[in-house]
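Peer 1: Have a look at this one.
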Amino acid sequence: MKYTEQAFDRAELELRRRQDNANEEHQRRLDEIAQNAPEIYRMHSEAIRLNYALIGNIGKGKSSADVSKKIAEIKEKNINLRHTMHEMLKACGYPEDYLQMHYQCEICNDSGYHDGVRCECMKKLLKKYTTEEINANCSIELHDFADFRIEYYSDAPVNGEIPRVKMQTIFENCKNYATRFEPHTSSLIFFGKTGLGKTFLSSCIAKELISQGWNVVYGSMLKLMRQVEDERFHRAEGDTMSIMLEADLLILDDLGSEFQTQFTDSVLYELINERINERRPTLISTNLTVNEVGKKYNDRIVSRITGCFRPFFFAGSDVRLVKLRNGII
Ligand SMILES: [Zn+2]
């Protein structure tokens, strides 16, 4: 996967910050032990001195029997010393590894590389920062579930159903979806006219999942498709397609708003199909009706959507108009 230069810079900065934190915490613990248990501190210093002596002797090579004997002696002394030190730490109420360096990633010691290969922790950071860049370019504002206002939906029946009751159920479903999210959860599609809160509730789900540490890519179909197209035809750097394919949740806002071509249709199918095959959920919202989706897109796309997405039909009047009427905006 291709990551942006900015993502590399941020990942390196973050890893440096983690290493600094580990060093600072280690120093703080040493100072604490030096003050509270000087005997243990002396043993720790002696253990470090023995380590250096060991390295020095190993550097001489094993040709001489004297050197080999010396190395064995130092090793044994060091093991005994560390054992005693660990026992004393425990007796003083500390964990036995209290004076060891503690890195966030024990595989690469927060360096980002292990055996010359990029460590998983570094890959995770690169993915996170690249995703953030894509999301920032798509400029969808994120919201909290707490900001959802059910009073904007009418409690008068329309075509035999009450919008407020229906939207309350959808709201609860969205909230549960976000709080109980797991990687193989179902895909959703929000149908409804403009201004009924589809983007709002999608953005609430995105915000909640991001706060839980999930990797969420969200954006309007228009902007995401344009970005993929620009990258495919070398007008822009990046690998938005891979990031979208691998996100824990992909949110495609406003399906139908994209400038539809064979290319965008094939990208849409690849996204939906591959994510279904990998059992990764996708959330689509659209102003189109079910019939319009059926007419606008080819059978392959439609059958994947109708077969694998759980539909929600938003109800009510344009919330922005309701706010305007009530003098809120
Ligand atoms: Zn690592």
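Peer 1: Just to be sure I understand: of the beta bridges DSSP finds with both ends in the chain, what percent are antiparallel, rounded to 5?
Peer 2: About 15 percent, rounded to the nearest 5.
Peer 1: Another question about this same structure. I need the chymotrypsin sites (Phe, Trp or Tyr not before Pro) found in the stretch 188-269, filtered to DSSP loop residues with at most 14 other beta carbons within 10 Å of theirs.
Peer 2: The qualifying sites are PHE233, PHE259.
Peer 1: Ok, one more. At a 1.4 Å probe radius, carbon and sulfur cover how many percent of the accessible area of the stretch 162-275?
Peer 2: Taking all protein chains in place, the stretch 162-275 shows 50 percent carbon and sulfur surface.
Peer 1: Could you give the angle, 0 to 90 degrees to the nearest 10, between helix 299-308's Cα long axis and the longest principal axis of the Cα atoms of the chain?
Peer 2: Taking Cα atoms only, the helix is inclined about 70 degrees.
Peer 1: Over the chain, with a Gaussian network built from C-alpha contacts below 10 Å, which listed residue (ILE170, ILE243, ILE189) shows the highest mean-square fluctuation?
Peer 2: ILE170
Peer 1: Something else: Dipole of the stretch 5-121 (Lys/Arg Cβ +1, Asp/Glu Cβ -1, origin at the Cα centre): which of GLN27, ASN78, CYS108 lies farthest to the positive side?
Peer 2: Of the options given, the answer is ASN78.
Peer 1: Using only Cα atoms, tell me the angle between helix 38-59 and the longest principal axis of the chain; keep it within 0 to 90° and round to the nearest 10.
Peer 2: 80
Peer 1: Highest GNM mean-square fluctuation, the chain, Cα pairs closer than 10 Å: which of CYS308, CYS174, CYS92?
Peer 2: CYS92
Peer 1: Rounded to the nearest percent, how much of the accessible area of the stretch 22-61 (1.4 Å probe, protein heavy atoms only) is carbon and sulfur?
Peer 2: 53
Peer 1: Can I ask one more? Roughly how tilted is helix 120-138, in degrees to the nearest 10 and between 0 and 90, from the longest Cα axis of the chain?
Peer 2: The two axes meet at around 30 degrees.
Peer 1: Here is a further query. Spin-label point model (7 Å from Cα, Cβ direction): what's the GLN260 to ALA236 distance in nm?
Peer 2: 2.2
Peer 1: Have a look at THR131, THR84, THR282 and tell me which one the Gaussian network model of the chain (Cα, springs below 10 Å) gives the largest fluctuation.
Peer 2: THR84
Peer 1: Would you compute, from DSSP H runs of 4+ residues alone, the mean residue ellipticity of the chain at 222 nm, taking -39500 (n - 2.57) per run and dividing by the full residue count, rounded to the nearest 500?
Peer 2: -19000 deg cm²/dmol
Peer 1: Taking the Cα of VAL302, stepping 7 Å toward and past its beta carbon, and measuring to each backbone N in the stretch 265-291: which are under 13 Å?
Peer 2: Flagged as within label range: 289-291.
Peer 1: Return one whole number: the accessible area per residue of the chain in Å², for a 1.4 Å probe.
Peer 2: 56
Peer 1: Calculated FRET efficiency, ASN21 and GLU120, Cβ-Cβ r, R0 22 Å, to nearest 0.05?
Peer 2: Plugging the Cβ-Cβ distance into 1/(1 + (r/R0)^6) gives 0.70.
Peer 1: On to the next question. By the 4.7 Å beta carbon criterion, which cysteine residues of the chain come out unpaired?
Peer 2: Taking the Cβ cut-off of 4.7 Å, the unpaired cysteines of the chain are CYS92, CYS138, CYS174, CYS204, CYS308.
The values are calculated or read from the model by the stated rules, or taken from the named source; none is laboratory data. It should be emphasised that the depicted structure is a prediction, and the values quoted were computed from it without experimental measurement. We place every Cβ from the backbone using ideal geometry, glycine too, and count neighbours over all the protein chains shown. Surface areas here come from the heavy atoms of the whole protein model, side chains and all, with no ligands, DNA or RNA. Shrake-Rupley method; radii C 1.70, N 1.55, O 1.52, S 1.80 Å.
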